[in-house]
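Everything below concerns the one structure shown next.
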Amino acid sequence: MPKTKYDKEYNVKQYLRERFFPHIWCPGCGHGIVLGSLLRAVEELGLDPTEIVMTSGIGCSARISGYVNFHSLHTIHGRALAFATGVKLSTPKLNLIVPMGDGDALAIGGNHFIHAARRNIDITAIVMNNRIYGMTGGQFSPLTGYGQKATTAPYSTIDNEFDVVKLATAAGASFVARSTTFHATECIDLIKKAISHKGFSVVEIFSQCPTHYGRKNKKGDASNMMELYKKTTVPIGSKKLEQDPSLIERGIFVDNKEAPEYCDEYEKIIQTAMKGRA
Amino acid sequence: MGKLKLKEHLIGRNWCKGCGICVHFCPKSVLELDDEDKAVAVRPEDCIYCKLCELRCPDLAIEVKIQKEDENE
């Protein structure tokens, strides 16, 4: 049931570069919902926009960095986490947020992704998973999944997909969560927790691409794709999983506050090397 | 705190791309697309200000403004 008498007022426009709107995303693209959730999370946390740095790579998702009125770096394909690592190590007090597409994060930037997770550096990575390379015309990505269609797989793909949550967990990320654009309020909550978490945080958000993935796979329009997210996902540990194990779990999978954070460890090395003179 | 009531649906017609997500998910069927494919609040009196349209609008084009009942404009 929707909440009634919901009196929370957001002002997301304060964080937008309004001169670049309307944005370039297609009608119904889920990336705009992720942008909205991210800005509401930042507003709820009351973060200083001048202490937020957003780095992004290439792709539809990466365009986010141009729309937000934070410090932003639109960098090279797959390498946003490498740039973010550099920024974070130079000035550890900054909040680093890295929006990434599925291909940008796990194909082109797969290596950077697992190594950022392994280091547990305090960066928030938001993987906007639309299961396709949208900007370049709908080629299949490592998250498209077996049996799905794409421009480059007209008879369906034979590639299995990554499970972002399991991959990030195994690589050492200390906060791992998943949600969908249908669950916009849950997204706000998870992004808030991910940004607040000290360590490498990964939030995977299923985001509909009605133009390519949806059209090729006959998933209907944007609203229908969001309805599918509602039907095919359940909160972690839901009883519905016993009847239907194919349902995908949402929520927080890993929240490890004990893992040493990379910048802290680096600072200790500096102090040791300088014998306390730093 | 006084009772809340709807002030207005602020819909940015330049930003709206007419995807219909707000229309589809509105639990009270308040919104519709007009002949230019822009979202319009046609039944604002039915609005329960759940703000699902605002939270799910991919174009950041809708704001549901509310006010306390005793406040006057």
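We did not get these values from a lab; they are worked out from the coordinates using the rules stated. Just so it is clear, the model here is predicted, and its values are computed rather than measured. Virtual Cβ from ideal backbone geometry, glycine too; neighbours counted across all protein chains shown.
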- Item | Karplus-derived 3J(HN,Hα), 6.51/-1.76/1.60, for each residue of segment A:127-137, Hz, glycine and proline x | 8, 8, 8, 10, 6, 6, 8, x, 4, 8, x
- Task: With an 8 Å cut-off on Cα pairs and a minimum separation of 6 or more residues, tell me the relative contact order of chain A in percent.
- Result: 18
- Query: From the cross-link list B:LYS5/B:LYS38; A:LYS192/B:LYS51; A:LYS218/A:LYS239, which pairs have alpha carbons spaced over 22 Å apart?
  - Reply: B:LYS5/B:LYS38; A:LYS218/A:LYS239
- Query: Can you give the relative contact order of chain B as a percent, counting alpha carbon pairs under 8 Å and 6+ residues apart?
  - Reply: 46
- Query: How much length is gained if the chain between A:ILE270 and A:ASN69 is pulled fully straight, taking 0.36 nm per residue apart and subtracting their Cα-Cα distance, in nm to one decimal?
  - Reply: 69.0 nm
- Using the alpha-carbon atoms, what tilt in degrees (0 to 90, nearest 10) does helix A:80-90 show relative to the longest principal axis of chain A? 20
- Calculate the mean, over all residues of peptide A:22-32, of how many other protein chain Cβ atoms lie within 10 angstrom of the residue's Cβ. 5
- What order, most packed first, do the peptides A:153-162, B:54-63, A:247-256 have when packing is the mean number of other Cβ atoms within 10 Å of each residue? B:54-63, A:247-256, A:153-162
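Taking the DSSP beta bridges in segment A:12-273 as the whole, what percent of them are antiparallel, to the nearest 5? Please list the in-between numbers first.
Details: 7 of 35 bridges.
Antiparallel bridges make up about 20 percent of those DSSP assigns within segment A:12-273.
Can you show me the helix-derived [θ] at 222 nm for chain A, built from DSSP H runs with n ≥ 4 at -39,500 (n - 2.57) apiece and divided by the number of residues, rounded to the nearest 500. Let's see the in-between values first.
On the way: 9 runs with 88 residues, N = 278.
Computed ellipticity for chain A at 222 nm equals -9000 deg cm²/dmol.
Mean projection of the alpha-carbon convex hull of chain A over all orientations, in nm²?
Numbers: hull surface 64.1 nm².
Across all orientations, chain A yields a mean hull projection of 16.0 nm².
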- Note on the structure: Summing -39500 (n - 2.57) over every DSSP H run of at least 4 residues in chain B and dividing by its residue count gives a helix-only mean residue ellipticity at 222 nm, to the nearest 500 deg cm²/dmol, of -2500 deg cm²/dmol
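Cα convex hull of chain B: mean projected area in nm², to one decimal? Write out the running numbers ahead of the final one.
On the way: hull surface 20.1 nm².
Mean projected area of the Cα convex hull: 5.0 nm².
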- Note on the structure: The local net charge around A:HIS23, scoring Lys/Arg +1 and Asp/Glu -1 for residues other than A:HIS23 whose Cβ lies under 14 Å from its Cβ, equals +3
- Task: Please identify, among A:MET100, A:MET226, A:MET128, the residue showing maximal mean-square fluctuation in a Gaussian network model of chain A using a 10 angstrom Cα cutoff.
- Result: A:MET226
- Rg(Cα)/(2.2 N^0.38 Å) for segment A:182-234, N = residue count: 1.37
- Item | Flagged links, alpha-carbon separation over 25 Å, of A:LYS193/A:LYS219; A:LYS13/B:LYS17; B:LYS3/B:LYS65; A:LYS88/B:LYS17 | A:LYS193/A:LYS219; A:LYS88/B:LYS17
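So how do A:74-80, A:86-92, B:12-18 stack up, highest first, on mean other-Cβ count within 10 Å? Let's see the in-between values first.
On the way: A:74-80: 19.9, A:86-92: 14.4, B:12-18: 17.4.
Those peptides, ordered most packed to least, come out A:74-80, B:12-18, A:86-92.
Given R₀ = 30 Å, FRET efficiency for A:LYS257-A:LYS8 by Cβ-Cβ distance, to 0.05?
For A:LYS257 and A:LYS8, the calculated efficiency is 0.65.
Counting only C-alpha contacts under 8 Å and six or more residues apart, can you give the relative contact order of segment A:80-230 as a whole percent? Intermediate values should be presented prior to the final figure.
Details: 300 pairs, mean separation 35.8, N = 151.
Computed over segment A:80-230, the figure is 24 percent.
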